[in-house]
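Next up is a structure, given as structure tokens.
The values are calculated or read from the model by the stated rules, or taken from the named source; none is laboratory data. None of these values were measured; they are calculated from a predicted model. Here Cβ is always computed from backbone atoms with ideal geometry, including for glycine, and neighbour counts include all displayed protein chains. For the accessible areas, the whole protein counts, side chains as well, though only heavy atoms, and no ligand, DNA or RNA atoms are used. Shrake-Rupley method; radii C 1.70, N 1.55, O 1.52, S 1.80 Å.
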Amino acid sequence: MMHRLWLLLGVFALVSAETLAADRPNIVLFFVDDLGWSNLGYRQPDQFDTPNIDLLARQGIDLQQAYVASPTCSPSRATLLTGQHPARLQMVRHIPGGPKHPDFDKFGRTDVEFNLWPGDPAQFPCRNWLPLEHVTYAEALRDLGYYNLFVGKWHLGHEPYHPIHQGFDRQIGTSNFGHPKGYYPPYAPNGEVFPDAKTQYLTDRITDETVQFISDYSIDQPLMISLWYYNVHTPSQGPSDLVPKYQGREGLDGKRAEYAAQIAAVDRSVGRVRKALADKGIDDNTLIIFTSDQGSFFEWEPYRGGKRVDTLCEGGARVPMIFHWPGVTAQDAVNESVVQTTDLFPTLVELAGGDASSYDHLDGVSLMPILRDNVTIHRNEPIFGYRAYEDLYASVRDGDWKLLAYRSGQVALYNVVKDRGEQHDLSKKRPEITEELKRELWRWENKVGVAQFSGISP
């Protein structure tokens, strides 16, 4: 009798989840690699052409102050998936791989759980894969009746930890590595990504696969597509048909012209995927999210820093973030809420009809008030940036103020609303704010379990 009761409860839960999700939107998450906040046509029209992304911003809500919790390849992805801060996950650097790293084989596989970085002053052990016990947004949405497709760059572990083992129903174009060997075949070091490819540009190929999937989709479930681009990561190699357009433009010499062409390839992809949604007749009930995992390989005005230097500064940590949901989000809207990629997990759960509070250790908040009403949300605590490579290791953003913390004990304070380029350190002029943000950082480091690696004193 008890067995039958549990069986009936299980069937009821499944039916309830599917019924709940029946009127929920489809979701497409465009997640671009190394795309800086400034590197879009509507922000720098003299250098970049992104008509499809520009249109998306005009049709939806453009969040001006969106941050990555750890502006680095693997940690940013782990955060997006789990809603947990990378420091809590012990994923504070990118996962290495390949023959240059003795713990990894040539296929990017390892049985060693943690790696150390020689230049990291704290010698923080960092995971080589995202453990399966963490709940991902794909698993959460699956329980709410969604079908989950993953396309593109993973960089969260080798085969036993691939997307199909983390809640996704299907994966396309995934490898064990953090960037392609090249954007023309062979794409990956061992030819494992689209081995049948002959001459096609990688972004065009993964777009073809995504468009075909949308066209063929016939499952009676709402759909989430996670399209995580390899572009615009190095190698600097734009599509051959687009590169000449950017060569010779002011400020786009050499690799920067290739970078602009890579961005144009992503923009072309966004347009093609949106057309596929329209052709399928599901665009009016599809939420589109567009964002990036960290700032550019290059430094761009108006912000200081990027992927390679001063990475927790605005140029490395602030990223584009756009939401478009026809009939729900405002059009041609900007929003100045301070948000973080930790917020996407609870947002996805809520819009799918779930309860984000039922998940442990979430470090973000739902952005549904922004999607519904374009309100400015005010957080109960600051947002924190964290990574473990060099002296600069943490940031605290609270209101207009941002603290940068170094392992060596140095701190710097900026008003990033008035001083977007973080040029004027006010830590000595505003000691009360400096000390308060240091206390907040110390409290947070204890909460997420990394206080033993702190560079500041309580």
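On the given criteria, is residue 108 assigned to a loop (DSSP other than H, G, I, E, B), within 24 Å of residue 231 (Cα to Cα) and open to solvent by 10 Å² or more (accessible area, probe 1.4 Å)?
Working: assigned to a loop (DSSP other than H, G, I, E, B): yes; within 24 Å of residue 231 (Cα to Cα): yes; open to solvent by 10 Å² or more (accessible area, probe 1.4 Å): no.
Considered against the rule, which asks whether it is assigned to a loop (DSSP other than H, G, I, E, B), within 24 Å of residue 231 (Cα to Cα) and open to solvent by 10 Å² or more (accessible area, probe 1.4 Å), residue 108 comes out as no.
Out of 78, 140, 57, 66, report the one residue that is hydrophobic (A, V, I, L, M, F, W, C), modelled with pLDDT of 95 or more and not in a helix (DSSP H, G or I).
On the way: 78 fails: not in a helix (DSSP H, G or I); 140 fails: not in a helix (DSSP H, G or I); 57 fails: not in a helix (DSSP H, G or I).
Every option except 66 fails the conditions.
With the requirement that a residue be small (Gly, Ala, Ser) and either out of contact with any helix residue (DSSP H, G or I) (no Cβ under 8 Å at 6 or more places or on another chain) or at positive phi (or both), what does the range 135-180 give you?
As a first pass, look at the range 135-180 and keep what is small (Gly, Ala, Ser): 138, 140, 145, 152, 157, 167, 173, 175, 178.
Residues satisfying the conditions are 145, 152, 157, 167, 173, 175.
Only residues in the range 39-52 that are over 16 Å from residue 256 (Cα atoms) and at pLDDT 95 or above count as the first member; pair them with residues that are among the β-branched types (Val, Ile, Thr) and in a loop (DSSP other than H, G, I, E, B), Cβ under 8 angstrom, at least 6 apart or cross-chain, and list the lot.
Every condition considered, the pairs that remain are 42/50.
Which pairs do you get when a residue that is acidic (Asp, Glu), found in the range 293-304, comes within reach of a residue that is open to solvent by less than 20 Å² (accessible area, probe 1.4 Å) and in a loop (DSSP other than H, G, I, E, B), reach meaning Cβ atoms under 6 angstrom, with the pair 6+ apart or on two chains?
Sorted first by the residue in the range 293-304, then by its partner, the pairs are 293/33; 299/306.
Still on this structure, I have one more. Please go through (1) within 25 Å of residue 305 (Cα to Cα); (2) touching a Pro at 6+ places or on another chain (Cβ under 9 Å) for residue 419 and return the number of the only condition it doesn't satisfy.
Result: residue 419 fails condition (2) only.
Next question, about the same structure. Just one of (1) out of contact with any strand residue (DSSP E or B) (no Cβ under 9 Å at 6 or more places or on another chain); (2) farther than 18 Å from residue 108 by Cβ trips up residue 219, so point out which.
In the conditions (1) out of contact with any strand residue (DSSP E or B) (no Cβ under 9 Å at 6 or more places or on another chain); (2) farther than 18 Å from residue 108 by Cβ, residue 219 misses (1) alone.
Give me the pairs, please: first residue somewhere in the range 346-359 and within 10 Å of residue 144 (Cα to Cα) and in contact (Cβ under 8 Å) with a residue 24 or more places away in the chain, second residue anywhere and of a type in the set (S, T, N, Q) and open to solvent by 10 Å² or more (accessible area, probe 1.4 Å), beta-carbon distance under 8 Å, and either six or more positions apart or on two chains.
Once the first residue is within 10 Å of residue 144 (Cα to Cα) and in contact (Cβ under 8 Å) with a residue 24 or more places away in the chain and sits in the range 346-359, its partners that are of a type in the set (S, T, N, Q) and open to solvent by 10 Å² or more (accessible area, probe 1.4 Å) give 349/366.
Still on this structure, I have one more. Looking at (1) assigned to a loop (DSSP other than H, G, I, E, B); (2) surrounded by 23 or more Cβ atoms within 10 Å (Cβ to Cβ); (3) more than 13 Å from the chain's Cα centre (by Cα), find the lone condition where residue 150 falls short.
With (1) assigned to a loop (DSSP other than H, G, I, E, B); (2) surrounded by 23 or more Cβ atoms within 10 Å (Cβ to Cβ); (3) more than 13 Å from the chain's Cα centre (by Cα) applied to residue 150, the lone miss is (1).
Oh, and also: How many of the residues in the range 203-235 are small (Gly, Ala, Ser) and open to solvent by 30 Å² or more (accessible area, probe 1.4 Å)? Full working, then the answer.
Step one: list which residues in the range 203-235 are small (Gly, Ala, Ser), which gives 215, 218, 226.
Then drop every residue that is not open to solvent by 30 Å² or more (accessible area, probe 1.4 Å), which leaves 215, 218.
Summing the residues that are small (Gly, Ala, Ser) and open to solvent by 30 Å² or more (accessible area, probe 1.4 Å) in the range 203-235 gives 2.
I would also like to ask the following. Filter the range 263-284 down to the residues that are small (Gly, Ala, Ser) and within 16 Å of residue 207 (Cβ to Cβ), then identify the one that is surrounded by the fewest Cβ atoms within 10 Å (Cβ to Cβ).
Going through the range 263-284, the residues small (Gly, Ala, Ser) turn out to be 264-265, 269, 271, 276, 278, 281.
With within 16 Å of residue 207 (Cβ to Cβ) added as a condition, the list becomes 264-265, 269, 271, 276, 278.
Numbers: 264: 26, 265: 25, 269: 23, 271: 17, 276: 20, 278: 13.
Among those that are small (Gly, Ala, Ser) and within 16 Å of residue 207 (Cβ to Cβ), it is 278.
I'd like to check which strands (runs of 3 or more DSSP E) are fully inside the range 347-458 and have at least 3 residues that are crowded, with 16+ Cβ neighbours inside 10 Å and under 20 Å from the mean Cα position of the chain (by Cα).
Values: elements: 383-386, 392-398, 401-406, 411-415.
Answer list for the range 347-458: 383-386, 392-398.
If you don't mind, there's one more thing I want to ask. Taking interchain pairs and intrachain pairs at least six residues apart, which have beta carbon atoms under 7 angstrom, with the first residue in the range 404-431 and within 14 Å of residue 392 (Cα to Cα) and free of Cβ contacts under 8 Å to residues at least 24 places away in the same chain and the second open to solvent by less than 70 Å² (accessible area, probe 1.4 Å) and outside any strand (DSSP E or B)?
Matching pairs, first to second residue: 412/427.
Among the numbered criteria (1) within 24 Å of residue 206 (Cβ to Cβ); (2) among the basic types (Lys, Arg); (3) crowded, with 16+ Cβ neighbours inside 10 Å, which one does residue 304 miss?
(1)
Only one of these is assigned to a loop (DSSP other than H, G, I, E, B), surrounded by fewer than 18 Cβ atoms within 10 Å (Cβ to Cβ) and in contact with a Phe, Trp or Tyr (Cβ under 8 Å, 6 or more places away or on another chain): 132, 156. Name it. Break it down stepwise before answering.
Numbers: 156 fails: surrounded by fewer than 18 Cβ atoms within 10 Å (Cβ to Cβ).
Sole residue among the options that is assigned to a loop (DSSP other than H, G, I, E, B), surrounded by fewer than 18 Cβ atoms within 10 Å (Cβ to Cβ) and in contact with a Phe, Trp or Tyr (Cβ under 8 Å, 6 or more places away or on another chain): 132.
Also, I was wondering about something else. Please name all residue pairs, on different chains or six or more residues apart, with Cβ atoms under 6 Å, provided the first residue is in the range 161-190 and is over 20 Å from residue 293 (Cβ atoms) and the second residue is small (Gly, Ala, Ser) and surrounded by fewer than 23 Cβ atoms within 10 Å (Cβ to Cβ).
What qualifies is 185/197.
Would you confirm, using the coordinates I've provided, whether residue 287 is in contact (Cβ under 8 Å) with a residue 60 or more places away in the chain, in a helix (DSSP H, G or I), over 24 Å from residue 184 (Cβ atoms) and open to solvent by less than 10 Å² (accessible area, probe 1.4 Å)?
Values: in contact (Cβ under 8 Å) with a residue 60 or more places away in the chain: yes; in a helix (DSSP H, G or I): no; over 24 Å from residue 184 (Cβ atoms): yes; open to solvent by less than 10 Å² (accessible area, probe 1.4 Å): yes.
For residue 287, the condition - in contact (Cβ under 8 Å) with a residue 60 or more places away in the chain, in a helix (DSSP H, G or I), over 24 Å from residue 184 (Cβ atoms) and open to solvent by less than 10 Å² (accessible area, probe 1.4 Å) - is not met.
Now, a different point. For the range 237-248, does any single residue satisfy the condition of being touching a residue at least 12 places away in the same chain (Cβ under 8 Å), out of contact with any helix residue (DSSP H, G or I) (no Cβ under 7 Å at 6 or more places or on another chain) and either within 25 Å of residue 127 (Cβ to Cβ) or crowded, with 17+ Cβ neighbours inside 10 Å (or both)?
No, every residue in the range 237-248 fails to be touching a residue at least 12 places away in the same chain (Cβ under 8 Å), out of contact with any helix residue (DSSP H, G or I) (no Cβ under 7 Å at 6 or more places or on another chain) and either within 25 Å of residue 127 (Cβ to Cβ) or crowded, with 17+ Cβ neighbours inside 10 Å (or both).
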